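**Q** Starting off with a structure, shown below.
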Amino acid sequence: MRGASLPCAVVLAGVIAAAEGLFGIPEFLELGGCANVTLMEDFDPVKYQGLWFDIASVPNEYQVTKQCISQNYTWTGDEMRVVSRGLAEDGLKVRQGMYMVPEEFEEPFEPAHMTVIMDGMPESPYDVISTDYTTYSCVYSCLEYFGFRAEFFWLFSRTPWISSWARETCQQDLEDMGIDTGKMLEVLQGETCPYNTRLDAILDENRKLMRKLMSAAPSNVTTSFRRNERVRPADEVITPRKTARVDTPQKDGDPEAEPEVTDAAATPTATRLVCLLALNVALLPVVAR
């Protein structure tokens, strides 16, 4: 068995070299498996609704918003719809939509574990590690690909800034699970962002929503979701599902303003991942010898 380690290493090196030459491996893909994370207990998606700001995260090629990022969450009773707004790398305003669903047949039922569904990217997990709903949220996501992993994590805040207590809480939670938080980078927020001209009004509206949600009776998520289980019709339209590049200013810099939506430009990242996986599968019999 020991003699097989060198051929395996040679083949793996060949896989990586071939994939880099043919398709280019995404920067976020690395050797290793996903962490065994502990989900937040009694997570309530109803209280999780409203506006969140990205404070720090692992860079993600699928996320077109790179700076001044805000995300608005809406729970429908069986899925969480999310609209992300911010600036792209070139400084243009962009909007990106997705939705997240709990695992229907997961036992025990874990609402803190949802699956992200978005055009142009593989379905991926959204695991809430910890949140107090009113100040911060700590989220982990990871997929494994034949010895490789795509690992991401985020620190969200209800404001464009965050307390040292919340930052340290999220960092410690992740590190206790063996996650390297050194990969997390700060996201630009603050006075230079388009939302800043209406920030007071935006935060005030979000605080009102928080008070309403936090004062409501605890939701029975398990009962609600299972009662609403259904097969999504093929022709059902889920919005928003597209990425928008917006060259015209949004109204007063409001992150909630609705820019004109255009079809998303095709991202090569998913194609590169599929090609890399196919190459791995094709060489598995060779590695197993």
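The values are calculated or read from the model by the stated rules, or taken from the named source; none is laboratory data. Note that the structure is a prediction, hence the values are computed from the model and not measured. Ideal geometry is used to build each Cβ from the backbone, glycine not excepted, and the neighbour counts take in all protein chains shown. All accessible areas refer to the heavy atoms of the entire protein, side chains included, with ligands and DNA or RNA removed. Shrake-Rupley method; radii C 1.70, N 1.55, O 1.52, S 1.80 Å.
**Q** Residue check: is ASP90 surrounded by 17 or more Cβ atoms within 10 Å (Cβ to Cβ) and over 17 Å from the mean Cα position of the chain (by Cα)?
**A** On the way: surrounded by 17 or more Cβ atoms within 10 Å (Cβ to Cβ): no; over 17 Å from the mean Cα position of the chain (by Cα): yes.
So ASP90 does not fit the description; no.
**Q** Restricting to region 137-179, give me the number of residues that are of a type in the set (Phe, Trp, Tyr), under 18 Å from THR115 (Cβ atoms) and surrounded by 21 or more Cβ atoms within 10 Å (Cβ to Cβ). Break it down stepwise before answering.
**A** Going through region 137-179, the residues of a type in the set (Phe, Trp, Tyr) turn out to be 140, 145-146, 148, 152-154, 156, 161, 165.
Still in the list and also under 18 Å from THR115 (Cβ atoms): 140, 145, 152-154.
Filter once more, so that each one left must be surrounded by 21 or more Cβ atoms within 10 Å (Cβ to Cβ): 140, 152-154.
Residues meeting the conditions: 4.
**Q** Would you pick out the residues in region 61-93 that are under 19 Å from TRP161 (Cβ atoms) and of a type in the set (Val, Ile, Thr)?
**A** Listed by number, the residues that qualify are THR65, ILE69.
**Q** Run THR159 past the list (1) under 30 Å from GLY33 (Cβ atoms); (2) of a type in the set (S, T, N, Q); (3) modelled with pLDDT of 95 or more and report the number of the one that doesn't hold.
**A** THR159 satisfies every listed condition except (1).
**Q** Name the pairs: first residue in region 195-209 and farther than 17 Å from GLY86 by Cβ, second residue polar (S, T, N, Q) and open to solvent by less than 70 Å² (accessible area, probe 1.4 Å), Cβ to Cβ under 9 Å, at least 6 apart or on different chains?
**A** ARG207/THR134; LEU209/GLN49
**Q** Scanning region 180-196 for residues that are part of a loop (DSSP other than H, G, I, E, B), of a type outside the set (Asp, Glu) and open to solvent by 60 Å² or more (accessible area, probe 1.4 Å), which turns out nearest to THR65 (Cα to Cα)?
**A** Of region 180-196, the ones part of a loop (DSSP other than H, G, I, E, B) are 180, 184, 187-193.
Cutting the leftovers down to of a type outside the set (Asp, Glu) gives us 184, 187-190, 192-193.
Applying the additional criterion that residues be open to solvent by 60 Å² or more (accessible area, probe 1.4 Å) yields 188, 192.
Values: LEU188: 11, THR192: 15 Å.
Checked region 180-196; the qualifying residue nearest to THR65 (Cα to Cα) is LEU188.
**Q** Follow-up. I'd like the residue in region 67-87 that is hydrophobic (A, V, I, L, M, F, W, C) and more than 16 Å from SER137 (Cβ to Cβ) and, out of all such residues, is surrounded by the fewest Cβ atoms within 10 Å (Cβ to Cβ). Walk me through how you get there before you give the answer.
**A** To start, the set of residues in region 67-87 that are hydrophobic (A, V, I, L, M, F, W, C) comprises 68-69, 75, 80, 82-83, 87.
Add one more test, that the residue is more than 16 Å from SER137 (Cβ to Cβ), and what stays is 68, 83, 87.
On the way: CYS68: 24, VAL83: 21, LEU87: 19.
Ranking the qualifying residues of region 67-87, first place goes to LEU87.
**Q** So which of VAL64, VAL37, VAL58 is more than 25 Å from MET210 (Cβ to Cβ), modelled with pLDDT of 90 or more and open to solvent by less than 20 Å² (accessible area, probe 1.4 Å)? If you could, list the steps in order and put the result at the bottom.
**A** Working: VAL64 fails: open to solvent by less than 20 Å² (accessible area, probe 1.4 Å); VAL37 fails: open to solvent by less than 20 Å² (accessible area, probe 1.4 Å).
Answer to the check: VAL58.
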